[in-house]
Amino acid sequence: MASGSKYKVAFRRRREGKTDYATRMKLVDVDKSRLVVRISNANCIVQVINVGKNGDETVVSAHSKELNKLGWLAGNKNTSAVYLTAYLCGKKAVAAGIEYAIADIGLKSPIKGAKVFAAVKGAADAGLNVPYGESIIPTEDRISGEHIAEYAESLDEEELSKKFSQYLAKGLQPTDLPKHFEEIKNKIDEAKL
């Protein structure tokens, strides 16, 4: 009889809290692309990934820093930026001939109105077929930044300069965010991808 421990050590990425292998195995299907949304402390990345023989293969990718090149002046990880990054990625995916993808939100909790679902909506609005439920998507005023503009209007000059110093340093009035959002979305539509 063999002696020893029956305890099995979990994979390193599972121990570090980076990968949920049970969920990943459900998502990984050779015939379907995944729309992968990852939000860091300062930026967001949206990718369309296929499973290849040697691991995952990134087909198209968009980084929120690409929005800065188009003239985006607001933050790179707010709901509007996540939507626009996914919109850009969706446009690239459609241009590359990808029609369908399944949302992969990683270890993020599926909370109603979360940024990751703004990304799903952005990719879907770009023409990529991504199945989702309408009830979980953030509202249009949240996606376009109208709630930020309304909040900024309620502040006096001193509070406004404290809370929106980074917007003001870049030359963007927080009350103009919804208009700025539409300008960048139109630039994405006009861009040659």
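No value in this document is a laboratory result; all are computed from the given coordinates. This is a predicted model, so every value here is computed, not measured. Cβ sites come from the backbone with ideal geometry, for glycine too, and all protein chains shown count toward neighbours.
Dimensions of the chain along principal axes (Cα, Å, largest first)?
Sorted from largest, the Cα extents of the chain read 78, 39, 31 Å.
With viscosity set to 0.692 mPa s at 37 °C, what whole-number translational diffusion coefficient in µm²/s follows for the stretch 1-82 from Stokes-Einstein and a Kirkwood radius over Cα pairs?
Values: Rh = 15.7 Å.
Rounded to a whole number, D works out at 209 µm²/s.
Quick one: which residues, 5 or more positions from residue 102 or on another chain, have an amide H under 5 Å from its amide H? H modelled 1.01 Å from N in the peptide plane, none for Pro or chain starts.
Close amide H contacts, sequence-distant or interchain: 33, 34, 35.
Hey, what do the phi angles of the stretch 13-28 turn into as Karplus ³J(HN,Hα) couplings, whole Hz, using 6.51/-1.76/1.60 and θ = phi - 60°, x for Gly and Pro?
Working through the residues one at a time gives 5, 6, 4, 7, x, 9, 9, 9, 5, 5, 5, 4, 5, 5, 7, 6 Hz.
What number, rounded to the nearest 500 deg cm²/dmol, is the helix-based mean residue ellipticity at 222 nm of the chain, given -39500 (n - 2.57) per DSSP H run of at least four residues and division by all its residues? Intermediate values should be presented prior to the final figure.
Numbers: 10 runs with 83 residues, N = 193.
Helix contribution divided over all residues of the chain: -11500 deg cm²/dmol.
For the stretch 45-52, take each phi angle, set θ = phi - 60°, evaluate the Karplus expression 6.51 cos²θ - 1.76 cosθ + 1.60, and give the result in whole Hz per residue in order, putting x for glycine and proline.
After applying 6.51 cos²θ - 1.76 cosθ + 1.60, I find 10, 10, 9, 10, 10, 10, 8, x Hz.
Rank these for me by crowding, 160, 172, going from fewest to most other beta carbons within 10 Å. Don't jump to the answer; show the numbers that get you there.
Details: 160 19, 172 16.
Lowest count first: 172, 160.
Taking the Cα centre as origin and putting +1 on Lys and Arg beta-carbons and -1 on Asp and Glu beta-carbons, what dipole magnitude results for the chain, to the nearest 20 debye?
On the way: 30 positive and 25 negative charges, 312 e Å.
Its charge dipole is roughly 1500 debye.
Using θ = phi - 60° and the Karplus relation 6.51 cos²θ - 1.76 cosθ + 1.60, list the HN-Hα couplings for the stretch 70-86 in order, rounded to whole Hz, with x at every Gly or Pro.
Rounded to whole hertz, the list is 8, x, 5, 10, 7, x, 9, 10, 6, 4, 5, 5, 5, 4, 5, 5, 5.
Once amide H atoms are placed 1.01 Å from N in the peptide plane, what residues at a sequence separation of 5 or more from residue 44, or on another chain, have their amide H within under 5 Å of its amide H?
Those lying under 5 Å, H to H, from residue 44 are 64, 65.
Packing-wise, with mean Cβ within 10 Å as the measure, how do 123-132, 43-52, 104-113 rank, highest first? Before the final figure, lay out each step's value.
Details: 123-132: 18.5, 43-52: 20.3, 104-113: 13.1.
Averaged packing, sorted descending, gives the order 43-52, 123-132, 104-113.
Ratio to report: Rg/Rh of the stretch 92-193, with Cα atoms as the point set and Rh obtained by the Kirkwood method; give two decimals. Could you put the intermediate results ahead of the total?
Values: Rg = 16.4 Å, Rh = 15.7 Å.
My calculation puts Rg/Rh at 1.05.
Compute the angle between helix 115-125 and the longest alpha-carbon principal axis of the chain, please, reported from 0 to 90 degrees and rounded to the nearest 10.
80
By how many nm would the segment from residue 189 to residue 19 grow when fully extended, if each residue of separation counts as 0.36 nm and the alpha-carbon distance is taken off?
Fully extending the segment from residue 189 to residue 19 adds 57.8 nm.
About its Cα centre, what dipole magnitude does the stretch 103-155 give when the only charges are +1 on Lys and Arg Cβ and -1 on Asp and Glu Cβ, stated in debye to the nearest 20? Please report the intermediate quantities before stating the final value.
On the way: 5 positive and 8 negative charges, 66 e Å.
It comes to approximately 320 debye.
For an R0 of 41 angstrom, estimate the FRET efficiency from the Cβ-Cβ distance between residue 168 and residue 112 and round to the nearest 0.05. Numbers along the way, then the final one.
Numbers: r = 32 Å, r/R0 = 0.77.
The computed FRET efficiency comes out at 0.80.
On a C-alpha basis, how far is the centre of the stretch 136-192 from the centre of the stretch 111-129 in Å? Whole number, if you could?
Measuring centre to centre over Cα atoms gives 19 Å.
Report the label-to-label distance for residue 54 and residue 158 in nanometres (one decimal), using points 7 Å from each Cα along the Cα→Cβ vector.
Distance between the two pseudo-spin positions: 6.2 nm.
Mind sorting 6, 32, 185 by how few other Cβ atoms lie within 10 Å of their own Cβ, fewest first?
Numbers: 6 4, 32 12, 185 20.
By the 10 Å Cβ count, ascending, the order reads 6, 32, 185.
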